[in-house]
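Notes to accompany the following structure.
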Amino acid sequence: MIELLGEKYELIRDDDCFQLEEVKEKITDYFLPYDYICGDYAYNKVRLKGFYDSNHKNAKERNDIKNLDHYIKDYCAYGSKIFLLKKAK
């Protein structure tokens with residue numbers, strides 16, 4: 001388990017890129033409502049994006065976890081390394 005902003009997360013995908021200290025520097029309370037946090041590394045920088053479970057009341061097409069592959073394909077740099085954190089319930 002990984003603790004960020006007082007919440008516990010499980011690392012469920014890691015393309016051998018997850019760096020806890022770098023994520024701690026980047027994450028803000030903006031991400032607290034999300035069920036998942038996706039991080040992609042390109043050009044030696046991490047970028048974070050929040051996603052909801054598909055059945056969450058705030059899930060929209062752009063932030064529904066079922067569209068993660070679409071997000072990676074269309075919005076992440078080709079070949080970038082990805083990690084995915086899931087909030088522990």
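The values are calculated or read from the model by the stated rules, or taken from the named source; none is laboratory data. No experiment lies behind these values; they were computed from the predicted model shown. Cβ placement follows ideal geometry from the backbone for every residue including glycine, while neighbour counts extend to all protein chains displayed.
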Candidate set: the range 33-69, residues that are basic (Lys, Arg) and either within 10 Å of the chain's Cα centre (by Cα) or more than 22 Å from Asp14 (Cβ to Cβ) (or both); chosen: the one modelled with the highest pLDDT: Lys49
Selection status of Leu68, surrounded by 13 or more Cβ atoms within 10 Å (Cβ to Cβ), in contact (Cβ under 8 Å) with a residue 40 or more places away in the chain and either among the aliphatic types (A, V, I, L, M) or assigned to a strand (DSSP E or B) (or both): no
Residues of the range 44-69 classified as in contact with a helix residue (DSSP H, G or I) (Cβ under 8 Å, 6 or more places away or on another chain) and polar (S, T, N, Q), total: 2
Selection within the range 26-46 - surrounded by 19 or more Cβ atoms within 10 Å (Cβ to Cβ) and of a type in the set (D, E, K, R): Asp35, Asp40
Leading residue by the ranking (farthest from Leu32 (Cα to Cα)) among those in the range 73-89 that are crowded, with 17+ Cβ neighbours inside 10 Å and of a type in the set (A, V, I, L, M, F, W, C): Cys76
Members of the range 8-43 that are in contact with a helix residue (DSSP H, G or I) (Cβ under 9 Å, 6 or more places away or on another chain), acidic (Asp, Glu) and part of a strand (DSSP E or B): Asp40
Set Tyr75, Tyr41: member being without any contact (Cβ under 8 Å) to a residue 40 or more places away in the chain and farther than 14 Å from Leu5 by Cβ: Tyr75
All positions within the range 1-21 that are more than 15 Å from Ala88 (Cβ to Cβ) and over 13 Å from the mean Cα position of the chain (by Cα): Asp16, Glu21
Flag if Leu84 is within 25 Å of Met1 (Cβ to Cβ) and out of contact with any strand residue (DSSP E or B) (no Cβ under 6 Å at 6 or more places or on another chain): no
Among (1) crowded, with 17+ Cβ neighbours inside 10 Å; (2) free of Cβ contacts under 8 Å to residues at least 12 places away in the same chain; (3) assigned to a strand (DSSP E or B) - the single one Glu3 does not satisfy: (1)
So Phe18, is it under 22 Å from Ala77 (Cβ atoms), touching a residue at least 60 places away in the same chain (Cβ under 8 Å), among the aromatic types (Phe, Trp, Tyr) and surrounded by 14 or more Cβ atoms within 10 Å (Cβ to Cβ): yes
